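Visitor: Encoded as structure tokens, here's the structure I'll be asking about.
The values are calculated or read from the model by the stated rules, or taken from the named source; none is laboratory data. Since the structure is predicted, the reported quantities are computational estimates derived from the model, not experimental observations. Reconstructed Cβ throughout: ideal geometry from the backbone, glycine too, with neighbour counts over all protein chains shown.
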Amino acid sequence: MKLLSLAIQDFRNIGAAALAPSPRATILVGENGQGKTNLLEAVYFLATLKPLRAGRLAELVRFGTPRAVVAGDFEAAGGPRRIAVEVDAGGRRASVDGKPQDRLDGYFEGLAAVCFSPDDLSLVKQGPEGRRRFLDRAAFNRWPAVLAEAREYLRALRARNAALRTASPEVEASFRAPLVRAGARLLLRRRELLRELAPRVAAAFAEISGPGAPAVGISYRGAGGLDLEEGGEAELEARLGEILDRRLARDLERGYTSAGPHMDDLVLGLDERGARLYASQGQQRAVVLALKVAEIENLRHALGRPPLLLLDDVSSELDPQKNRYLLEYLATLPAQAFLTATDRRLLEPAAGPEATFYKVEGGRFGPLDS
Ligand SMILES: Nc1ncnc2c1ncn2[C@@H]1O[C@H](COP(=O)(O)OP(=O)(O)O)[C@@H](O)[C@H]1O
Ligand SMILES: [Mg+2]
């Protein structure tokens, strides 16, 4: 799966752009505020239909214009396909070879993208939201059906929250079953994902940190004491249902569902101690780097090829040793990657003979003088 061409119109500060990405590294160099991250965001949006940075979709549309369009030719198993996504006041629409896609399964066939940005580096010490986002996006890269499953959960959650606000236990009861069903399905996905990722995270962390480093552990913390270790779908449904039952009085009072996958957390630890409290900043960053490498390795294994990689300004944020590890790791991958930096020298080790360079200035992409 390679992106052969990219065309962007009125996306953030990019008025109109046509790029010919390298099959390997496309390197975007420019001062701050010129549109490097915006370009990565456009590629990420095209590949995943999710915005890279949190917020409303309408923010993606260039100020003063009615719609944003990102389109690209992807090399797929049966030959190249033109995929496109458009955002306007009415929402988002995706198409493949000009045909609108209502069901997104067809669209995502073979597409996966992993982004690594400086914001990710604080994943360990931030609140649980960022870690849940990591889990959700990794699950969705791994199994595209998770997009629909997560939506269904969100719909059921909103409905139950609205029912809780009517403050009637009878009304709530009929909204609990769909929430518990969709919740259990998401929990199973997360458990499966963590089982796949855990050994890869440990291996990558050991390699990044060198001999004598502590062992990294990742585990799942279910809100309300939910136990995710054992059990199939029906058991998880029953357990989640019980937790919601125990919390019903409180949830009715607050008008909000206080347990379920939307409240859970990913626990990262070093030698059995919580990394959030005990790891040095360097170790925390090594944990995040290991998580990203684990996700890439896992997808590579599952899909038979690495995902599309987007690295935003990471080299300026990592210490030289971690940066070298990352760029050397990337150089060994047969992956297509988009990388940004303010200084091209930071990315030289990742460039390789097939690299394409662009200079980014005011939302435009031109040749980079060497
Ligand atoms: N919807 C939008 N329309 C026009 N410009 C936008 C929009 N959203 C963000 N921008 C502009 O994009 C610029 C930031 O681009 P960004 O890609 O983050 O820069 P960098 O090169 O530092 O990564 C800012 O000047 C910001 O005002
Ligand atoms: Mg940026």
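Visitor: Between L308, L347, L330, which is buried (at least 20 other Cβ atoms within 10 Å of the Cβ), more than 19 Å from A113 (Cα to Cα) and in contact (Cβ under 8 Å) with a residue 12 or more places away in the chain? Quick ask: steps written out before the conclusion?
Guide: Details: L308 fails: more than 19 Å from A113 (Cα to Cα); L330 fails: more than 19 Å from A113 (Cα to Cα).
After ruling out the rest, the residue left standing is L347.
Visitor: When you go through A279, A302 one by one, which is the residue that is more than 24 Å from I14 (Cα to Cα), surrounded by 22 or more Cβ atoms within 10 Å (Cβ to Cβ) and more than 16 Å from ligand 1 (Cβ to nearest atom)? Reasoning before the result, please.
Guide: Working: A302 fails: surrounded by 22 or more Cβ atoms within 10 Å (Cβ to Cβ).
Selected residue: A279, the only one of A279, A302 that is more than 24 Å from I14 (Cα to Cα), surrounded by 22 or more Cβ atoms within 10 Å (Cβ to Cβ) and more than 16 Å from ligand 1 (Cβ to nearest atom).
Visitor: Does A156 fit the bill of being surrounded by 15 or more Cβ atoms within 10 Å (Cβ to Cβ) and more than 23 Å from E196 (Cα to Cα)? Outline the logic, then answer.
Guide: On the way: surrounded by 15 or more Cβ atoms within 10 Å (Cβ to Cβ): yes; more than 23 Å from E196 (Cα to Cα): yes.
Against the criterion (surrounded by 15 or more Cβ atoms within 10 Å (Cβ to Cβ) and more than 23 Å from E196 (Cα to Cα)), A156 qualifies.
Visitor: What about A42, is it among the aliphatic types (A, V, I, L, M), more than 16 Å from ligand 2 (Cβ to nearest atom), buried (at least 16 other Cβ atoms within 10 Å of the Cβ) and at pLDDT 95 or above? Reasoning before the result, please.
Guide: On the way: among the aliphatic types (A, V, I, L, M): yes; more than 16 Å from ligand 2 (Cβ to nearest atom): no; buried (at least 16 other Cβ atoms within 10 Å of the Cβ): yes; at pLDDT 95 or above: yes.
Against the criterion (among the aliphatic types (A, V, I, L, M), more than 16 Å from ligand 2 (Cβ to nearest atom), buried (at least 16 other Cβ atoms within 10 Å of the Cβ) and at pLDDT 95 or above), A42 does not qualify.
Visitor: If we scan segment 284-295, do we find a residue that is free of Cβ contacts under 8 Å to residues at least 40 places away in the same chain and small (G, A, S)? Show your work before the answer.
Guide: Keep residues of segment 284-295 that are free of Cβ contacts under 8 Å to residues at least 40 places away in the same chain, which gives none.
Looking for residues that are free of Cβ contacts under 8 Å to residues at least 40 places away in the same chain and small (G, A, S), one finds none in segment 284-295, hence no.
Visitor: Can you run down the residue pairs with Cβ atoms below 6 Å, 6 or more apart or on separate chains, where the first is in segment 157-185 and on the phi > 0 side of the Ramachandran plot and the partner is part of a helix (DSSP H, G or I)?
Guide: That search, which allows pairs on different chains as well, returns A167/L252.
Visitor: Given the conditions (1) surrounded by 22 or more Cβ atoms within 10 Å (Cβ to Cβ); (2) free of Cβ contacts under 8 Å to residues at least 60 places away in the same chain; (3) within 15 Å of ligand 2 (Cβ to nearest atom), and given that P51 satisfies all but one, which numbered condition is not satisfied?
Guide: Against the list (1) surrounded by 22 or more Cβ atoms within 10 Å (Cβ to Cβ); (2) free of Cβ contacts under 8 Å to residues at least 60 places away in the same chain; (3) within 15 Å of ligand 2 (Cβ to nearest atom), P51 comes up short only on (1).
Visitor: Also: Out of D88, D73, D119, D102, I need the residue that is closer than 26 Å to H301 by Cα and of a type in the set (D, E). Which one? Break it down stepwise before answering.
Guide: Numbers: D88 fails: closer than 26 Å to H301 by Cα; D119 fails: closer than 26 Å to H301 by Cα; D102 fails: closer than 26 Å to H301 by Cα.
So the residue among D88, D73, D119, D102 that is closer than 26 Å to H301 by Cα and of a type in the set (D, E) is D73.
Visitor: Only one residue in A76, A58, A84 is modelled with pLDDT of 95 or more and more than 16 Å from ligand 2 (Cβ to nearest atom). Which one?
Guide: On the way: A76 fails: modelled with pLDDT of 95 or more; A58 fails: modelled with pLDDT of 95 or more.
After applying the criteria, what remains is A84.
Visitor: Something else: Only one of (1) closer than 29 Å to A18 by Cβ; (2) at pLDDT 95 or above; (3) surrounded by fewer than 20 Cβ atoms within 10 Å (Cβ to Cβ) fails for V70. Which number is that?
Guide: The failed condition is (3).
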